[in-house]
Amino acid sequence: MTVGFNIHINGSFHCCLRYKQLHSLHEQLKRSLPSIALPSFPPKKLLSLTPNQIEQRRLNLERYIQLVGQDPVLCRSELLRAFLLNAQQESSFTECSEVTLDVYLMNGYRISASVYTTDCTSKVLEKACALIDLPQDRACYFALYLMRKEANGELTIVKRLMDFEAPYISAKRWDDCKLVLRTGYWDSCYDLELMRDRIALNLLYLQTMSDVERGWIVTTRDLSEQLTNMQARGSKSEYLDVVRKLPLYGCLQFPRACVDYPEPNTVATVVLGNKELNLLTYEGKDMQETKFKVTRIRCWRVTPIHINEDNHSSTGGYGRQQQSSSHSTHQQSSSSSTISLELSFEYLMAKNQLKWITIYSEQSMLMSVCLQSIVDELLNQKNGSDPAHLQNPQHVEYAPLSYIRRDGSNHCITDSSSTDTLCNLVNNDSSSNNGTSNQPTQQHSTNNGSSFIRRKLKEFNTTVRFKNGKDSVQNEAFEWIGDDDL
């Protein structure tokens, strides 16, 4: 029986892997990063595993991937990024080909980019930015998001795309979403750099106008009239100078959710940005704003709640991202159930007084990703680096990846940045290496590997999600406060 493990990253399915594929990754990480103490990998077994042993292996793999995803060196390894990129391609049965991929600006303008189906996020971003003449040194300030238009006309940000995934494949999985170009930073001080370039200024202006029109940035009636006049005059810089001073500028807004603060069952709009997590509540037309500084959040976790037909619920874990990723594992059940998510964070309310606050939202995982991104930016600024370093970090030296497919064939990948993935590789299977590779007894050719995978993986499936909810994400930007701060 073939056992496949579903890997969910940042709350969404990324790939399905077998034990031997993860073991191969571990061995290559160990060789390429000899100075790094890798987590222990679940040992091989000579005999077939019992259901209990499979469950134990699942738990051990979960813990292993958690630790890899949390290590600052490992999670920036080009080897790991190439592995995840190719695993996504294999699991989605995507052939490498040239396609037209639509990327939208916040005002609905469409950029039709010619890309490969296996291009990673940074490559697609680079191609889209080139089509609108955005200089490369400004492109690093932007990111790609998947956004969905709801039935009521509102826009919802579903996820931010990372560089270990291919936008074409991710967009196909979320077929009700569009790829959208938005700024990828949180501190509005970086606006000044964009405003020095005509194209970047236009992008920032269009995004800001869209956020104002959608109510993500709150204005008064008088100010709204002033902004309309500035639009009519084409005073883009003046418009931005005014809006940048408003409280919710530069924030991402999430749909209303239930929170347990200040009272249980409080309905609030969650807003992230300006180094804060804000809860907006309404009493009639009056808006109340509760602010939580990110630097006073000691840790956080995302937990899925499984609600079965018999109304019993159970919890499992999610958490930090591989470059913001999470892992927890559970065996899939045939019984009908729904999954709800909650984000809990421990906040320093006063000196030596910590309190857990919980948000119940389907977008809890994206909130967690955003929190981690804010923390990363704060640490990046503390180290004196610019956004270019944060968006495109200096990866650890890359060694060619030997990728074992689920059908047992082995491939050498020498460049993980674009199209050198599983569809145009040097084939290093057992027919070309004199049988010295670690292959299963029964060989399966690359040509029929897809049907083999589809057939065998139906027999058993289990899930790995990056980071267990029992293990909270520790905030490296957390600051204890003293009496003077109260």
Taking only pairs six or more apart or across chains, which ones have beta-carbon atoms under 9 Å, a first residue in the range 33-54 that is among the aromatic types (Phe, Trp, Tyr), and a second residue that is not in a loop (DSSP other than H, G, I, E, B)?
Phe41/Leu22; Phe41/His23; Phe41/His26; Phe41/Glu27; Phe41/Lys30; Phe41/Asn60; Phe41/Leu61; Phe41/Tyr64
With the checklist (1) surrounded by 14 or more Cβ atoms within 10 Å (Cβ to Cβ); (2) under 28 Å from Gln21 (Cα atoms); (3) free of Cβ contacts under 8 Å to residues at least 12 places away in the same chain in hand, flag the one item Ala130 doesn't pass.
(2)
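Residues of the range 205-231 being of a type in the set (Val, Ile, Thr) and part of a helix (DSSP H, G or I), which ones? Give the derivation first.
Here is the first cut: in the range 205-231, the residues of a type in the set (Val, Ile, Thr) are 208, 212, 217-220, 228.
The answer is Thr208, Val212, Thr228.
Does the range 98-127 hold any residues that are touching a residue at least 60 places away in the same chain (Cβ under 8 Å) and small (Gly, Ala, Ser), and which are they? Working first, answer last.
Start the filter on the range 98-127 by keeping residues that are touching a residue at least 60 places away in the same chain (Cβ under 8 Å), which leaves 99, 101-107, 109, 111, 116, 118-120, 122-123.
Ser122, the sole residue that qualifies.
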Going by the structure shown, is Tyr168 surrounded by 16 or more Cβ atoms within 10 Å (Cβ to Cβ) and over 15 Å from Cys370 (Cβ atoms)?
yes
Sort out which residues of the range 248-279 are surrounded by fewer than 18 Cβ atoms within 10 Å (Cβ to Cβ) and part of a strand (DSSP E or B), and write them in order of number.
Pro255, Arg256, Cys258, Thr266, Val267
Would you check if Asp163 is of a type in the set (Asp, Glu), at pLDDT 95 or above and outside the structural domain of Gln381 (by the TED database)?
no
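Considering only residues that are assigned to a loop (DSSP other than H, G, I, E, B), surrounded by fewer than 21 Cβ atoms within 10 Å (Cβ to Cβ) and either touching a strand residue (DSSP E or B) at 6+ places or on another chain (Cβ under 6 Å) or acidic (Asp, Glu) (or both), which ones fall in the range 145-162? First the steps, then the outcome.
To start, the set of residues in the range 145-162 that are assigned to a loop (DSSP other than H, G, I, E, B) comprises 150-154, 161-162.
Remaining after also requiring surrounded by fewer than 21 Cβ atoms within 10 Å (Cβ to Cβ): 150-154.
Residues satisfying the conditions are Glu150, Glu154.
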How many of the residues in the range 172-189 are in a helix (DSSP H, G or I) and modelled with pLDDT of 95 or more?
0
Only one of (1) surrounded by 18 or more Cβ atoms within 10 Å (Cβ to Cβ); (2) among the basic types (Lys, Arg); (3) not assigned by the TED database to the domain that holds Asp376 fails for Lys245. Which number is that?
(1)
Criterion violated by Ser235 - all others in (1) touching a helix residue (DSSP H, G or I) at 6+ places or on another chain (Cβ under 8 Å); (2) of a type in the set (Ser, Thr, Tyr); (3) over 26 Å from Leu371 (Cβ atoms); (4) at pLDDT 95 or above satisfied:
(1)
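Looking at Glu213, is it more than 30 Å from Lys123 (Cβ to Cβ), modelled with pLDDT under 95, open to solvent by 30 Å² or more (accessible area, probe 1.4 Å) and not β-branched (Val, Ile, Thr)? If you could, list the steps in order and put the result at the bottom.
Details: more than 30 Å from Lys123 (Cβ to Cβ): yes; modelled with pLDDT under 95: yes; open to solvent by 30 Å² or more (accessible area, probe 1.4 Å): yes; not β-branched (Val, Ile, Thr): yes.
So Glu213 passes the test.
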Filter result (within 29 Å of Leu203 (Cβ to Cβ) and among the β-branched types (Val, Ile, Thr)) within the range 58-104
Val99, Thr100, Val103
Pairs please, first residue from the range 359-385 and free of Cβ contacts under 8 Å to residues at least 12 places away in the same chain, second anywhere and surrounded by 18 or more Cβ atoms within 10 Å (Cβ to Cβ), Cβ atoms under 6 Å, 6+ apart in sequence or on different chains.
Asn380/Leu390
For Thr219, work out the one condition from (1) of a type in the set (Val, Ile, Thr); (2) in contact with a Ser or Thr (Cβ under 7 Å, 6 or more places away or on another chain); (3) modelled with pLDDT under 95 it doesn't fulfil.
(2)
Ile7 meets each of (1) of a type in the set (Val, Ile, Thr); (2) modelled with pLDDT of 85 or more; (3) over 17 Å from Arg406 (Cα atoms) with one exception, condition (3)
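The values are calculated or read from the model by the stated rules, or taken from the named source; none is laboratory data. Model, not experiment: these values are computed from the prediction. Neighbour counts run over all protein chains shown; Cβ positions are idealised from the backbone, glycine included. To get the accessible areas, we keep the full protein, side chains included, count just its heavy atoms, and leave off ligands, DNA and RNA. Shrake-Rupley method; radii C 1.70, N 1.55, O 1.52, S 1.80 Å.
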